[in-house]
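Before any comments, here is the structure.
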Amino acid sequence: MNKFGDLTTKSIEELEAIADKVRQRILEVVSKNGGHLSSTLGATDIIVAMHAVFDSKKNPFIFDVSHQSYAHKLVTDRWDEFDTLRQFNGLSGYTKPKESDNDYYMAGHSSTSISLATGAAKAIGLNGEEGERIPLAFIGDGSMSAGMVYEAMNELGDRKYPAIIILNDNEMSIASPIGALSRILSQTMASPFYQKFKSKTKELLESLPESATYMAKRVEESFHLITPGILFEELGLEYIGPIDGHNIASLIETLKIAKAMKRPVIIHVQTTKGKGYQVAEGVGKEHWHGVGSFDLTTGDSVKKTAPKASTAIFSETLVTLADEDNRVVGVTAAMPSGTGMSAVMKKYPERFWDVAIAEQHAVTSMGPLAKEGFKPFCTLYSTFLQRGYDQVIHDICLMNLGVVFAIDRAGLVGEDGETHQGVFDISFLRVIPNMTIFAPSSNETMVKAMRFAKDFPTPCAFRYPRGAFRSEESLSSEFELGKSDTIQEGSETLLIGYGNGVGRAIETAKLLDLTPTILDLRFVKPLDTNRLVELAKTHKKWFVFSDSVKMGGVGSALLEFLSDAKINDVQLTTFEYKDDFITHGNTTLVEESLGILPAQLAKKII
């Protein structure tokens, strides 16, 4: 049920009051559940204004990344359910059409919205609905760093499909004098008079002799050079802005003008991150982008006792490797804190880079560094490495260059859900020639895996989970290419763990009435074939534990080996994930729903 009714019928005062209530509701729920905070607070006024002008069931509302869409959920039909945000069987932290018909598209990765809006505009035109429906793409300035955005704008501007792009700018700043001038110019450019004048001027220019047209166009271009919109105008988009993103009356007026233009329009809106919650307001407060539960009064996080995260081990070890060897360099794509790269970037800013949301560029740019004798660590979340897949194949592996892919957030990631689960990397990397793939299983093996990777001459990738490793394994051997490590000697039954799956195998083994052999596989490409042949002689039941999809995963690699080795008397069962997208929620609850808690697995083995 929509708590506020039809926003198109509300007064400005009523809309402002609704925005305040929405912000308060977001703060109440996110402080308990965690989630994305500063960006969604900053976007609230814009979203309220969008709903005051457009019907989201009729006009596609397309949110880039969609982590800032909480206000959209609250002003449509999810106010009462909002307490379940990011909880198992509750509301998603992103837009999700299965959740509401007010959500046009599912999103969780950045820089897709303008492409989606272009596709929606094409479909609207083909359906003969131009003038009745118009797509709106809501995109943050951070997402504008990806090349896909410009590919989409290039076509949209060329084809002139009616669409509105709302650029939520919460980082860029304009000095006071220029800012004042820009506001005056923006108000002028957004007015019906100016738009009509511009249209008539274009008609006039087309009728003038070539020399006069040239001079007139130079005058028009010089006018635009003192506004921020010249790039968008050159791409064929009408530009309006900057607009105050917290002035609902101004936003509504601008959206109505853009709607009437029936051309592709970009509205440049400036907002304050964390608007309405002073503790989180403003730039330079990156930790308020995505938060865990916190005290709403003080802003202090509700700390939970937890072992050291694998990302922290990665961060510490990378600094050590960089201290020891000046050939060690690295890159991440807009996630320096999340990937643990911040510390080494601060210490060695000339050797470690954040290239913004540009995974393709991040991957490719490391190739020449490897070719020139450096040792690049390309550090990305598993779900984001998917965006640079062609570059891994074409620009790194084809050249057989020694780039290290450090894959963070491998396996289940909990509340972020389907769009962020890091479950495909083994499957999509395993098929690439020249790629070596391995995984640590504990803090100690993480350090040893990284040292192995640093000295490895050709492309390699290792994965590690969000949070801490399940295993506390110690006194392990050094990493050696294609060699596994036996953690426990047993008989008949073999538990094969890979990466964080080793800890799950160890936990499961404790619940069995038998003593299985536990093998830390370590390498999925190449496999330790000699050891596996030896084990196949005495162990006829193999069980595979890996936080990855079953299709093309660790179990598949082992079955291929058994087939090639013509070993027919081994029964292999893999506990990898089925062929489906995995929902969001508390990780333990998600694991229980998948049937992969140690107690559940022990029953299956028995």
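Just a few scattered comments:
- Subset tally (residues that are under 20 Å from Ser38 (Cα atoms) and either assigned by TED's automatic domain parsing to the domain that holds Ala146 or touching a residue at least 12 places away in the same chain (Cβ under 8 Å) (or both)) for the stretch 299-332: 1
Listed here are the residues, each with its yes/no results for (1) free of Cβ contacts under 8 Å to residues at least 12 places away in the same chain; (2) crowded, with 24+ Cβ neighbours inside 10 Å.
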| position | (1), (2) |
| --- | --- |
| Asp77 | no, no |
| Phe82 | no, no |
| Ser92 | no, yes |
| Lys96 | yes, no |
| Leu116 | no, no |
| Gly119 | yes, no |
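- When the criteria are applied in full, Gln270 fails the requirement of being assigned by TED's automatic domain parsing to the domain that holds Gly35, among the polar types (S, T, N, Q) and without any contact (Cβ under 8 Å) to a residue 40 or more places away in the chain.
- Filtered residues of the stretch 152-181 (kept if at pLDDT below 50 and either of a type in the set (Asp, Glu) or under 12 Å from Val269 (Cα atoms) (or both)): Met172, Ser173
- In the stretch 424-454, the residues that are part of a loop (DSSP other than H, G, I, E, B), hydrophobic (A, V, I, L, M, F, W, C) and surrounded by fewer than 23 Cβ atoms within 10 Å (Cβ to Cβ): Phe424, Val431, Ile432, Met435
- Where strands (runs of 3 or more DSSP E) fall wholly inside the stretch 292-409, the ranges with 1 or more residues that are polar (S, T, N, Q) and surrounded by 22 or more Cβ atoms within 10 Å (Cβ to Cβ) are 328-332, 375-381.
- Whenever a residue of the stretch 27-40 is in contact (Cβ under 8 Å) with a residue 12 or more places away in the chain and in the same structural domain as His109 (by TED's automatic domain parsing), its partners that are in a helix (DSSP H, G or I) and of a type in the set (Asp, Glu), lying with C-beta atoms within less than 9 angstrom and at least six residues away or across chains, give the pairs Glu28/Asp83; Val29/Asp83; Lys32/Asp83; Asn33/Asp83; Asn33/Glu415; Gly34/Glu415; Gly35/Glu415; Ser38/Glu286.
- Qualifying residues in the stretch 121-142 (those that are crowded, with 23+ Cβ neighbours inside 10 Å and in contact with an Asp or Glu (Cβ under 9 Å, 6 or more places away or on another chain)) - the one nearest to Val48 (Cα to Cα): Phe138
- Among the residues examined, Asp45 qualifies as within 22 Å of Asn170 (Cα to Cα), crowded, with 19+ Cβ neighbours inside 10 Å and at pLDDT 95 or above.
- In the stretch 469-508, the residues that are under 34 Å from the mean Cα position of the chain (by Cα) and of a type in the set (A, V, I, L, M, F, W, C): Phe469, Phe479, Leu481, Leu495, Ile496, Val502, Ala505, Ile506
The values are calculated or read from the model by the stated rules, or taken from the named source; none is laboratory data. Remember, predicted model here, so these are calculated numbers, not experimental data. Note that we place each Cβ from the backbone using ideal geometry, even for glycine, and neighbour counts take in every protein chain shown.
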